[in-house]
Amino acid sequence: MTAASPPPSPWQASVLTLFPEMFPGPLGQSLAGRALREGRWGLDAIDIRGFATDRHRSVDDTPCGGGAGMVLRPDVVDAACAAALAAGPDRPLVVLTPRGVPLDQRMVRGFAEGPGVVLLCGRFEGIDQRVIEARGMLEVSIGDYVLSGGEPAALVLLDACVRLLPGVMGAAASGEEESFSAGLLEYPHYTRPTQWNGLAVPPVLLSGNHAEVARWRREQAEMLTRTRRPDLWARHGSATPHALDGQVNAA
Ligand SMILES: C[S@@+](CC[C@H](N)C(=O)[O-])C[C@H]1O[C@@H](n2cnc3c(N)ncnc32)[C@H](O)[C@@H]1O
């Protein structure tokens, strides 16, 4: 499936999958869907099965060494990667896998600032390691749990990137102040009514004093990060290098 291609898209995602009909899926709705229709990004879902060469169109085989399940073949996956990269060779080739580097906002920003991404979705037990290494793929995980396929992980990664593309989010500032952008979780939000079920909006937010509001929000963000995410707090303000520094945009 190739979603509305013209006009030329400045950011192009190609997804290699056994289930191309899963795309754009939720990315065809709301902000991402509108941006797709406006040509602010492009999406190309490529069926890995189209690169099978035998008469059974096989894409997988049993694991060498024994064990349950099936493994995606390196020759078929490699041919699919070559076809995707032909349409944009400067894009990083990412394989979604639970043993990858955890996806975070810094990585997302790196992807969003580049020309796009090529995402390889695994199925079954996974993908033959030789093609992952031969192609120098970036191995990325969306969390410490196991999905049945890489497609939901690809949708997560794309959603996070697309909202950062120029013109996709309504207010440019909303991407800068939210969680993780400054290494902190975001402060809590409130709206009207100012009294609800006996619960009041914090008075400082109704004071009109912008400096006090900013100070309160900063304190809340720091307190939440310290208590909920000590790992983030420990890194906050330090110059700890990122696991994929230099790779996300260096394809
Ligand atoms: C059933 S999983 C394979 C799990 C693999 N045998 C393991 O134990 O790590 C099938 C595919 O789902 C995708 N997947 C599963 N969990 C994921 C995660 N947390 N992040 C990214 N991709 C994931 C990968 O593409 C993987 O090849």
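Full extension of the segment from Ala214 to Cys64, taken as 0.36 nm per residue of separation minus the current Cα-Cα distance, would add 48.2 nm. Relative contact order for the chain: 20 percent, from Cα pairs under 8 Å spaced at least 6 residues apart, divided by residue count. Over the chain, the reciprocal of the mean inverse Cα-Cα separation, the Kirkwood hydrodynamic radius, stands at 20.3 Å.
In the range 68-120, what trypsin sites (Lys or Arg not before Pro) fall in a loop by DSSP, with at most 16 other Cβ atoms inside 10 Å? Those that pass, being in a loop and sparsely packed, number zero.
Of the trypsin sites (Lys or Arg not before Pro) in the range 118-185, not one is in a loop by DSSP (not H, G, I, E or B) with at most 11 other beta carbons within 10 Å.
Across Pro188, Pro20, Pro152, mean-square fluctuation computed from a Gaussian network of the chain (C-alpha pairs under 10 Å connected) peaks at Pro188.
Over the residues of the chain, the helix contribution to mean residue ellipticity at 222 nm works out to -9000 deg cm²/dmol, using -39500 (n - 2.57) for each DSSP H run of at least 4. Note on the range 12-162: with charges restricted to the Cβ of Lys and Arg (+1) and Asp and Glu (-1), its dipole about the Cα centre is near 280 debye. Remark: the Cα gyration tensor places the range 66-115 in the oblate category, a/c being 1.5 or greater and a/b not exceeding b/c. Using 0.36 nm per residue and subtracting the Cα-Cα separation, the extra length available between Val101 and Asp75 on full extension is 6.9 nm. Measuring r between the beta carbons of Ala134 and His189 and using R0 = 41 Å, the FRET efficiency lands at 0.30. Legend: ranking of residues Asp47, Asp128 from fewest to most surrounding C-beta atoms inside 10 Å; resulting order Asp47, Asp128. In this structure, the amide hydrogen of Leu120, modeled 1.01 Å from its nitrogen in the peptide plane, lies closer than 5 angstrom to those of Leu16, Val94, Val95, Leu96, counting only residues at least 5 positions away or on a different chain. If you run the Gaussian network model on the chain, springs between alpha carbon atoms under 10 Å, then out of Thr194, Thr53, Thr62 the most flexible one is Thr194. Which distance in nm do the two modelled labels at Arg226 and Asp54 give, with both placed 7 Å along the Cα-to-Cβ direction? Using points 7 Å along Cα→Cβ, the separation is 6.1 nm.
The H on the amide N of Asp60, modeled in the peptide plane, is under 5 Å from the matching H of Arg73, each at least 5 residues off or on a different chain. Amide H contacts of Ile127: Leu72, each under 5 Å away and 5 or more positions distant or on a separate chain (H built 1.01 Å from N in the peptide plane; Pro and chain starts excluded). GNM on the chain, alpha-carbon springs under 10 angstrom: the most fluctuating residue among Leu93, Leu18, Leu205 is Leu205. Counting only Cα atoms, the range 184-235 measures 36, 27, 11 Å along its principal axes, largest extent leading.
Among beta bridges from DSSP that stay inside the chain, the antiparallel ones total about 20%. Computed on the Cα atoms alone, the convex hull of the range 12-129 gives a volume of 124 cubic angstrom per residue.
Coordinate-derived values only; no laboratory data. Just so we're clear, the structure is a prediction, and the values are computed from it rather than from any experiment. Note that each Cβ is placed from the backbone with ideal geometry, even for glycine, and that neighbours are counted across all protein chains shown.
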